[in-house]
Amino acid sequence: MNANQTVLIIGFVWPEPNSSAAGGRMVQLISIFKEQGFEVTFASPAMDSDYMIDLNSLNVNKKSIALNCSSFDVFVKDLNPSIVLFDRFMIEEQFGWRVAENCPDALRLLDTEDLHCLRLARQKAFKESRPFSTDDLLVEEVAKREIASILRCDVSLMISEYEMEVLKTVFKIDSNILYYLPLLLEPIKESNIQNLPSFENRNNFVFIGNFLHEPNWNAVQYLKETIWPLIRKQMSEAVLQIYGAYPSQKVLQLHNPKQGFYIMGRADDAQEVVRKARVVLAPLRFGAGIKGKLLEAMQCGTPSVTTTIGAESMCGDLLWNGFIADDAQTFADKAVGLYQDKTLWIKAQENGFEIIEKRYLKSLFTDDFVKHIFNVQTNLNSHRLHNFMGTMLQHHTLMSTKYMSRWIEEKNK
């Protein structure tokens, strides 16, 4: 790929790889562009956070930008990036029209992270105690915004094959503007596997997840009220440690050492926590995307018990690294079995290593991704010509979003 190109990444937040899978994903994308010799600038309207990565250490330029402000137009015109990557659809809504207007020849990429409309529609169905149907997506307000954003971009990066299918079948999106790029991992060295704590040297169950993410908070409530009592009935001394960034007061109130239920807060080193645990529990009842916490468990050689939603799109036709169960009693039974049976546990651990090796290695995807991006860049006009819906939306949205934003800007003066 052409070495003197510039990539502008516009982040919803500054990347926090230790707080969420989304932060780790962003760092992976940055590293791909850096390896191709790109100059990378990361801009965000978000406030700095205590846990954000030091972008300078990645040799990435950092730029704070403002919402609804034409100062961005001046900045982006000066930078003149050849590629602009929007981190989630909300960022494309805010800045996409400005990029299209000031840098019409820049390739516009959208990193969806997960399909927000799918997560929200499932959440709504769950709250209404009814099964989710793909028709729910068609009435989900966010879907209209998210799908419009996908159509306006040249390529949208998807981390889940199931979501690719949903976009093609439910929303009739042309596969030419979608690209499957899951979370990308380095191979696990044999020496690292040898150095992992053994079955005997591990103890406790663990749950880990960012509490700003509703599916995680719901899973912790489900553990506390339903699943954990069922596990304790079979293992009266069992301990469950709940780790996660940004725990609220209501999360902290669940702490109950008498019941072996410990709220630990943010993990300084998530991998270390997961490596020491014997089994990861992730009873997710709604959500989307693929789960960083479950991939991390596989990297750490820690088997997991999760739900169909938790494991969605993660292992293809390979065996899960533990068990998938949607019924609370079955979930508890499988968790206890995995915790107590060494043979079962070792097999589950091996399954996890195989899933990583066959489905998530960076080397399986990087070359194709770079080739694809380069190809679309080279044939950008023709690519856009065949995305008529996107061009049409770009035209109309440009007008509506533009004047809304201009109005806010005037008002702010």
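The values are calculated or read from the model by the stated rules, or taken from the named source; none is laboratory data. None of these values were measured; they are calculated from a predicted model. Please note: Cβ atoms are built from the backbone with ideal geometry, for glycine as well, and neighbour counts cover all protein chains shown. Side chains are part of the model used for accessible areas, which takes the heavy atoms of the whole protein and leaves out ligands, DNA and RNA. Shrake-Rupley method; radii C 1.70, N 1.55, O 1.52, S 1.80 Å.
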Exercise for review: Scan the strands (runs of 3 or more DSSP E) fully inside segment 112-218 and keep the ones with 1 or more residues being crowded, with 22+ Cβ neighbours inside 10 Å.
Suggested key: 155-158, 205-208
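Per-residue answers, yes or no, for (1) open to solvent by 30 Å² or more (accessible area, probe 1.4 Å); (2) under 19 Å from GLU200 (Cα atoms); (3) at pLDDT below 95:
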position: ILE346; (1), (2), (3): yes, yes, no
position: ILE356; (1), (2), (3): no, no, no
position: SER363; (1), (2), (3): yes, no, no
position: ASP367; (1), (2), (3): yes, no, no
position: VAL370; (1), (2), (3): no, no, no
position: PHE374; (1), (2), (3): yes, no, no
position: GLN377; (1), (2), (3): yes, no, no
Check your understanding: open to solvent by 30 Å² or more (accessible area, probe 1.4 Å), within 30 Å of SER156 (Cβ to Cβ) and either modelled with pLDDT of 95 or more or assigned to a strand (DSSP E or B) (or both) - does that describe any residue in segment 324-337?
Key -> yes
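Working only within segment 1-44, note down all residues that are among the aliphatic types (A, V, I, L, M), more than 15 Å from ILE373 (Cβ to Cβ) and open to solvent by 10 Å² or more (accessible area, probe 1.4 Å). Full working, then the answer.
So in segment 1-44, the residues among the aliphatic types (A, V, I, L, M) come out as 1, 3, 7-10, 13, 21-22, 26-27, 29-30, 32, 40, 43.
If we keep only those that are more than 15 Å from ILE373 (Cβ to Cβ) too, we end up with 10, 13, 21-22, 26-27, 43.
Selection gives VAL13, ALA21, ALA22, VAL27.
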Check your understanding: Applying the selection to segment 1-46, what residues are under 23 Å from GLY292 (Cβ atoms) and assigned to a loop (DSSP other than H, G, I, E, B)?
Key -> GLY11, PHE12, VAL13, TRP14, PRO15, GLU16, PRO17, ASN18, SER19, SER20, ALA46
Study note, to complete from the structure: With criteria (1) surrounded by 13 or more Cβ atoms within 10 Å (Cβ to Cβ); (2) closer than 20 Å to PRO104 by Cα; (3) not polar (S, T, N, Q), HIS395 comes up short on (1)
Review point. Taking into account only those residues within segment 219-245 that are within 18 Å of the chain's Cα centre (by Cα) and assigned to a loop (DSSP other than H, G, I, E, B), which is surrounded by the fewest Cβ atoms within 10 Å (Cβ to Cβ)?
Key: ALA245
Practice item. Please name all residue pairs, on different chains or six or more residues apart, with Cβ atoms under 9 Å, provided the first residue is in segment 238-267 and is at positive phi and aliphatic (A, V, I, L, M) and the second residue is modelled with pLDDT of 95 or more and surrounded by fewer than 21 Cβ atoms within 10 Å (Cβ to Cβ). Key: none
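Quick grid of which residues meet (1) surrounded by fewer than 21 Cβ atoms within 10 Å (Cβ to Cβ); (2) more than 28 Å from ARG119 (Cα to Cα); (3) of a type in the set (A, V, I, L, M, F, W, C); (4) in contact with a helix residue (DSSP H, G or I) (Cβ under 7 Å, 6 or more places away or on another chain):
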{"site": "PRO247", "(1), (2), (3), (4)": "no, no, no, no"}
{"site": "GLY265", "(1), (2), (3), (4)": "yes, no, no, no"}
{"site": "VAL273", "(1), (2), (3), (4)": "yes, no, yes, no"}
{"site": "PHE286", "(1), (2), (3), (4)": "no, no, yes, yes"}
{"site": "ILE290", "(1), (2), (3), (4)": "no, no, yes, no"}
